[in-house]
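First comes the structure, then the notes that go with it.
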């Protein structure tokens with residue numbers, strides 16, 4: 001597998017902050033786990049926090065591309081002007097955030113990197129949310145796999161502020177588009193995962209939680225268990241938004257504890273990440289302050305650094321927050337309601353009294369799963385699955401799985417390593433193919449609507465790379481209405497040639513299906529021309545035959561005393577079996593040694609009854625035999641037993657049985673349909689008008705009388721035509737290339 005991933009990250013060292021650390025640690029450990037990361041980031045970012053010490057974590061093997069972009073805030077040294085831009089003009093004009101200014105240069109450079117370096121996957125982490133938009137467009141342009149990482153809630157966050165309701169609506173739309181298009185969405189907590197899942201309740205499988213954590217190397221030699229003269233209570237970071245220290249300050253004042261020392265690091269004088277950890281290691285108790293608004297989604301990254309320091313934690317946090325729940329679960333500290341001063345006093349006093357007794361202890365907790373390297377290992381599993389999915393195409397077919405053509409297609413693509421899913425109304429088992437059975441119903445409109453809902457649900461659960469409707473009505477229409485892209489549709493013949501016979505709603509759906517399909521395959525030029533008249537874009541079609549396996553279908557003619565006319569078509573009105581019976585009746589009157597073999601493949605039971613009545617009427621019970629429907633490997637025996645193969649269909653795109661007969665070098669009588677002209681090579685078969693009994697009689701007699709020795713040369717030329725145009729492997733190879741091109 002190609003294990004190259006491009007990180008598109010506005011926030012990257014030498015910028016600092018919790019979000020930077022998460023991305024930096026992923027980049028640090030990926031090379032040790034078999035992945036080759038590269039990074040695209042601004043040369044200079046507009047952000048007040050910097051930490052050059054984080055650059056030490058970037059392996060020398062990692063290619064970091066830093067680009068310039070237009071940032072008006074860099075034009076002003078005056079802080080007042082910067083604030084005007086940042087807090088007034090930017091929120092008014094820049095959506096989703098001010099980092100959108102680097103969108104175009106980052107998009108162009110990322111596209112070039114992907115093409116040049118053959119990148120297989122893109123990773124973005126928010127904020128900035130603009131990074132996700134860059135990846136979204138790249139996915140549309142290149143089809144590249146994309147993992148979107150969310151460290152916080154976005155539009156659902158209690159801290160989210162929007163310049164106007166219109167800004168909020170646009171941002172919500174962007175959020176949904178990003179979630180819809182990302183191949184996998186990662187969040188930092190189960191609560192946050194659930195929050196984003198609610199937005200896309202039909203795609204829950206794409207959401208995965210990978211928490212923040214700690215790097216063991218950062219905590220080496222930081223353990224400090226010596227007791228301070230005063231209980232040292234330390235908070236790391238800034239207090240912002242609705243996170244207030246009022247209740248905690250009141251609790252401190254009212255307790256009036258003399259031997260307590262309170263420190264807030266990073267609020268006035270900024271320390272590097274490693275300096276902060278060193279300072280925190282000197283604490284007796286680590287302080288965590290969250291907002292009363294914080295919910296289960298909130299799992300602040302500092303909680304894992306606190307855990308790694310193995311010091312008791314005092315969390316002034318709502319019990320519903322993710323951080324509070326983790327502290328309770330691991331029993332590593334005390335949690336107090338931010339709005340309850342008495343509770344804060346109680347928990348603080350409890351810790352203080354333990355400190356006085358030199359009994360500030362927490363349980364030995366196994367923190368292995370929170371180590372950054374192990375978390376990165378979880379990330380590589382996601383990467384591996386996505387890249388493996390890229391090389392192993394997931395194909396969802398819709399149609400009749402009992403069709404020998406569809407079975408051949410499935411068998412070929414299973415051998416090619418495809419992951420095949422087949423939605424069908426006919427049960428059948430093919431090794432390597434997962435089937436989904438639709439129930440057939442006589443109530444056509446209700447059945448159709450019900451099937452649309454079921455098919456959509458199945459397809460969005462499968463998340464295929466390609467959806468392929470194996471006929472236009474109804475499989476192709478279902479593929480179109482599933483809403484999934486890209487989709488392919490194959491036209492068979494009547495679904496296009498009989499277009500005018502459909503009712504208005506069916507015509508509308510057929511036209512839309514052809515217009516919106518990413519690819520339409522047709523088995524003849526005549527079929528494609530008719531599809532273009534209906535609305536198929538000329539550039540979207542390809543000539544693809546289902547294909548003939550020449551290793552199976554070959555000439556091994558039996559020497560029979562009986563002359564057998566064989567019809568390999570199903571018994572249905574469109575195949576005009578009644579016309580064939582009437583023609584055969586006239587032939588049998590003069591030739592007692594001739595028999596008609598029909599294939600026991602029933603399309604319409606009522607029509608079969610009419611055919612049987614006709615056989616009895618003409619006293620042909622001993623002359624007409626029904627051969628059971630069999631596999632291709634046995635079907636070849638039928639062709640080789642036959643003196644003449646006949647097909648009298650009223651409509652065909654390009655009959656597979658006609659091609660099979662050509663491959664077996666058989667004499668052929670066939671209705672004169674548009675596709676036939678594409679296979680004419682002198683007098684290499686007999687053609688008759690549709691539903692013309694007399695013409696059929698004349699053609700069948702001519703074929704029966706034609707000397708076999710003279711036919712051999714014509715038969716070999718017919719087989720050569722099949723080898724050149726309709727050989728199964730070459731057609732399926734072409735389809736494989738078309739599939740991968742769409743992906």
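The values are calculated or read from the model by the stated rules, or taken from the named source; none is laboratory data. The model shown is predicted, which means the values in this text are computed figures rather than measured ones. Every residue, glycine among them, receives a Cβ derived from its backbone with ideal geometry; neighbour counts consider all protein chains shown.
Give 47, 10 a once-over and let me know the one that is surrounded by 23 or more Cβ atoms within 10 Å (Cβ to Cβ) and in the same structural domain as residue 132 (by TED's automatic domain parsing). Only one candidate qualifies: 10.
Confirm whether residue 567 is touching a strand residue (DSSP E or B) at 6+ places or on another chain (Cβ under 9 Å), under 23 Å from residue 407 (Cα atoms), at pLDDT 95 or above and buried (at least 20 other Cβ atoms within 10 Å of the Cβ). Criteria met by residue 567.
In this structure, does residue 669 turn out to be within 21 Å of residue 523 (Cβ to Cβ), at pLDDT 95 or above and buried (at least 20 other Cβ atoms within 10 Å of the Cβ)? Yes: the conditions hold for residue 669. Inspect segment 111-120 for any residue being modelled with pLDDT of 90 or more, touching a strand residue (DSSP E or B) at 6+ places or on another chain (Cβ under 7 Å) and within 27 Å of residue 172 (Cβ to Cβ) and give the result as yes or no. For segment 111-120, residues modelled with pLDDT of 90 or more, touching a strand residue (DSSP E or B) at 6+ places or on another chain (Cβ under 7 Å) and within 27 Å of residue 172 (Cβ to Cβ): absent.
With the structure loaded, tell me whether residue 364 is farther than 30 Å from residue 476 by Cα, out of contact with any helix residue (DSSP H, G or I) (no Cβ under 9 Å at 6 or more places or on another chain), surrounded by fewer than 17 Cβ atoms within 10 Å (Cβ to Cβ) and without any contact (Cβ under 8 Å) to a residue 60 or more places away in the chain or whether it fails that test. Taking the combined requirement at face value, the residue satisfies it. Checked against the criterion of being in contact with a helix residue (DSSP H, G or I) (Cβ under 7 Å, 6 or more places away or on another chain) and within 26 Å of residue 712 (Cβ to Cβ), segment 514-533 has no qualifying residue. Examine segment 148-160 for a residue that is in a helix (DSSP H, G or I) and touching a residue at least 60 places away in the same chain (Cβ under 8 Å), and state whether such a residue exists. No, segment 148-160 contains no residue that is in a helix (DSSP H, G or I) and touching a residue at least 60 places away in the same chain (Cβ under 8 Å).
Exactly one residue among 616, 602 is in contact with a strand residue (DSSP E or B) (Cβ under 8 Å, 6 or more places away or on another chain), at negative phi and surrounded by fewer than 17 Cβ atoms within 10 Å (Cβ to Cβ), and that residue is 602. Of all the listed residues (52, 71), the sole one being in contact with a helix residue (DSSP H, G or I) (Cβ under 8 Å, 6 or more places away or on another chain) and not assigned by TED's automatic domain parsing to the domain that holds residue 276 is 71.
Condition check ((1) touching a residue at least 40 places away in the same chain (Cβ under 8 Å); (2) buried (at least 16 other Cβ atoms within 10 Å of the Cβ)) across all residues:
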residue	(1), (2)
229	no, no
232	yes, yes
250	yes, no
289	yes, yes
297	yes, yes
310	yes, yes
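Each residue in segment 460-473 was checked for being over 18 Å from the mean Cα position of the chain (by Cα) and either at positive phi or surrounded by fewer than 24 Cβ atoms within 10 Å (Cβ to Cβ) (or both), and 2 pass. Considering 344, 303, the condition of being buried (at least 23 other Cβ atoms within 10 Å of the Cβ), over 30 Å from residue 217 (Cβ atoms) and either touching a helix residue (DSSP H, G or I) at 6+ places or on another chain (Cβ under 6 Å) or without any contact (Cβ under 8 Å) to a residue 24 or more places away in the chain (or both) is satisfied by 344 alone.
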